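*Asks:* Before I ask anything, let me first share the structure, which is written out below as C-alpha cells.
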Amino acid sequence: MAVKNPMTSDFLHSAYCGESMAHMRYLIWGEVADNEGLPNVARLFRAISYAEQVHATNHFREIGGKTADTTVTAGGVFGSNKTADNLQGAINGELHEVEQMYPVYLNAAEFQNEAGAKRSFNFALEAEKIHAKLFQKALDAVKSGKDIELKSIYICPVCGHTILNEPPEKCPVCGTSKTSYVKF
C-alpha cells in the first residue's frame, strides 16, 4: 500500500530510518548493560529493540516499495557510553518521538487521508510513550546502583505495545490477542 502524498511518504521514510536505528542502538546498548552486570536493563533494551523493529516494519510496509532520499529526524544519539548515559539517550529519543515527531507525522497523515500511515504512526506513538517511562524507571534504578526489577516484558508483534509482567487479553492499541505477544 504505497502512500499517495509526498509529505506523508517522506515522514514514513524518516520514521522507518529512525526506528531502524533505534532497533540497532538498543541491541548494542543491551550488550553494554550486560557487560556492566545489569541483565534486566539489557533485557529491557532488547525487548524495546524488538518493538522498534515492529515500528520500522510497519512504516516500511506503508511506504510500499517506493524509494526516496530522506532526512532522518529521529532524535537518537550515537555512540556507546555507560548504561546510565545510554538510558538517558534512549529517553531523549523516545520523548522526541512522543512530543515532536509522531504528533506532526500523525497530523499530516490524518490531513492527507493516509489511513495506513496514520495507523502506523499511531501504533509507534502509543508504544513510545511507554518506552520513555520504562527507560526512566531503569535509569532511576541504575542511578541508585541497582538493576531494574523486572519479571517479564511483553511486546505486541503488530503495534509494538509494551507491557511488564503479563500481557492484556487484547492489545489496547491494536486489538491483537494476548497469545501473540512476544515474551522477553
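FYI, it's all coordinate maths here, none of it is from the lab. On a predicted model such as this, the values are computed, not experimentally measured, just so you know. Note that we place each Cβ from the backbone using ideal geometry, even for glycine, and neighbour counts take in every protein chain shown.
*Asks:* So how far apart, in nm, are the two label points at Asn35 and Lys170 if each is 7 Å from Cα heading toward Cβ?
*Replies:* 4.5
*Asks:* With unit charges on the beta carbon (Lys/Arg positive, Asp/Glu negative), name the residue among Val182, Gln136, Gly93 whose Cα is farthest towards the positive pole of the charge dipole of the chain.
*Replies:* Going by the charge dipole, the pick is Val182.
*Asks:* Express the C-alpha Rg of the chain as a ratio against the empirical globular expectation 2.2 N^0.38 Å, rounded to two decimals.
*Replies:* On the way: Rg = 16.1 Å, N = 184, 2.2 N^0.38 = 16.0 Å.
Rounded to two decimals, the normalised Rg is 1.01.
*Asks:* Moving on. Can you give me the relative contact order of the chain as a percent, contacts being Cα pairs under 8 Å and 6 or more apart?
*Replies:* Details: 312 pairs, mean separation 45.7, N = 184.
For the chain, the relative contact order is 25 percent.
*Asks:* Which of Ala15, Asn122, Ile148 sits farthest toward the positive end of the charge dipole of region 6-149, with +1 on the Cβ of Lys and Arg and -1 on the Cβ of Asp and Glu?
*Replies:* Positive-end residue among those listed: Ile148.
*Asks:* Separate question: Return, ordered by residue number, the residues of region 1-45 whose backbone nitrogen is under 15 Å from a label point located 7 Å along Cα→Cβ of Asn113.
*Replies:* 3-6, by backbone N distance to the label point.
*Asks:* Using only the alpha carbons, work out the radius of gyration and Dmax of region 119-175 in angstrom.
*Replies:* In order Rg, Dmax, the Cα atoms of region 119-175 give 12.7, 40 Å.
*Asks:* Rounding to the nearest 10 and keeping the result within 0 to 90°, find how far the Cα-based axis of helix 39-63 lies from the longest principal axis of the chain.
*Replies:* The answer is roughly 10 degrees.
*Asks:* Just to be sure I understand: with springs between alpha-carbon atoms less than 10 Å apart, which residue in Leu150, Leu134, Leu12 has the highest mean-square fluctuation in the Gaussian network model of the chain?
*Replies:* Leu150
*Asks:* What's the magnitude of the charge dipole for the chain around its Cα centre, counting Lys and Arg as +1 and Asp and Glu as -1 at the beta-carbon? Answer in Debye, nearest 20.
*Replies:* Details: 18 positive and 21 negative charges, 80 e Å.
Computed charge dipole of the chain: roughly 380 debye.
*Asks:* If we count every other residue with Cβ under 12 angstrom of Asp140's Cβ, Lys/Arg +1 and Asp/Glu -1, where does the sum land? Spell out each step's value before the answer.
*Replies:* Numbers: positive: Lys133, Lys137, Lys143, Lys146; negative: Asp147, Glu149.
Here the count lands on +2.
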